[in-house]
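Trainee: Below are the structure tokens for one structure; questions will follow.
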Amino acid sequence: MYYVPYVPTPYPVVRKMLSLANVGPEDVVYDLGCGDGRILIVSVKEFNAKKAVGIEKDPERVKEAKNNILNHGLADRVVVINDDFFNVDISEATVVTLFLLTSVNEALRPKLEKELRDGARVVSHEFKIPGWNPVRVVDVKDDNGLTHTVYLYVKGKHA
């Protein structure tokens, strides 16, 4: 069992994560622990992802995310699943976004290795995936001037 506190990813970091992963019209973006749905919305609205799927176990966050998606008119391209992401098949993803903890990323690593296709991009905000080597690491400042580190991994090139 694990616990990850809900801390929304600042919008400049969301955009940097998605641009670093080179999200575009052929991509299916999965956000594991999607919170209020902001990464899903930005990936479809600004990066023209084909589809975005959020997995969130907190029913309050699910309700908030679904409301935000409806308010943006994106219900046809954005889905939120109320479940623990360890229980959900993510093999459809071409891009996975994470803002979890290092220990959770480590527990998640075998799932990523098993279910993702080679070439899938995994972008982690602030926390590394132990045992994987990032292909890029960038720092981005948020609107308050705080620096956030973003790690880009590519399945098949992460060892």
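Trainee: Take the residues of segment 5-34 that are surrounded by fewer than 22 Cβ atoms within 10 Å (Cβ to Cβ) and touching a Phe, Trp or Tyr at 6+ places or on another chain (Cβ under 8 Å): which is farthest from Val122 (Cα to Cα)?
Mentor: It comes out as Val7.
Trainee: Cβ contacts < 8 Å: first residue touching a residue at least 60 places away in the same chain (Cβ under 8 Å), restricted to segment 1-16; second residue among the small types (Gly, Ala, Ser) and buried (at least 17 other Cβ atoms within 10 Å of the Cβ), any location; separation 6+ or different chain. Result?
Mentor: Val4/Gly33; Thr9/Gly35
Trainee: If you go through segment 123-151 one residue at a time, how many are buried (at least 19 other Cβ atoms within 10 Å of the Cβ) and in contact (Cβ under 8 Å) with a residue 60 or more places away in the chain? Step through it out loud before you land on a result.
Mentor: To start, the set of residues in segment 123-151 that are buried (at least 19 other Cβ atoms within 10 Å of the Cβ) comprises 123-125, 129, 132, 134, 140, 150-151.
Within this subset, residues satisfying the condition of being in contact (Cβ under 8 Å) with a residue 60 or more places away in the chain are 123, 125, 140, 150.
Adding up the residues that qualify gives 4.
Trainee: Could you list, in sequence order, all residues of segment 118-138 that are among the charged types (D, E, K, R) and either modelled with pLDDT under 95 or more than 11 Å from Val154 (Cβ to Cβ) (or both)?
Mentor: Taking segment 118-138 as the starting set, the residues that turn out to be among the charged types (D, E, K, R) are 118, 121, 126, 128, 136.
Listed by number, the residues that qualify are Glu126, Lys128.
Trainee: Taking segment 77-95 as the region of interest, how many residues are closer than 19 Å to Asp58 by Cα and within 11 Å of the chain's Cα centre (by Cα)?
Mentor: Count: 0.
Trainee: Of everything in segment 113-159, what is among the aliphatic types (A, V, I, L, M) and within 22 Å of Val13 (Cα to Cα)? Give them in sequence order.
Mentor: Looking only at segment 113-159, we keep the residues that are among the aliphatic types (A, V, I, L, M), and these are 116, 120, 122-123, 129, 135, 137-138, 140, 146, 150, 152, 154, 159.
Listed by number, the residues that qualify are Ala120, Val122, Val123, Ile129, Val135, Val137, Val138, Val140, Leu146, Val150, Leu152, Val154.
Trainee: Restricting attention to segment 91-122, which residues are touching a residue at least 40 places away in the same chain (Cβ under 8 Å) and of a type in the set (S, T, N, Q)?
Mentor: Scanning segment 91-122 gives Thr94, Thr97, Ser103.
The values are calculated or read from the model by the stated rules, or taken from the named source; none is laboratory data. On a predicted model such as this, the values are computed, not experimentally measured, just so you know. A quick note on method: Cβ atoms are made from the backbone with ideal geometry, for glycine too, and the neighbour counts reach across all protein chains shown.
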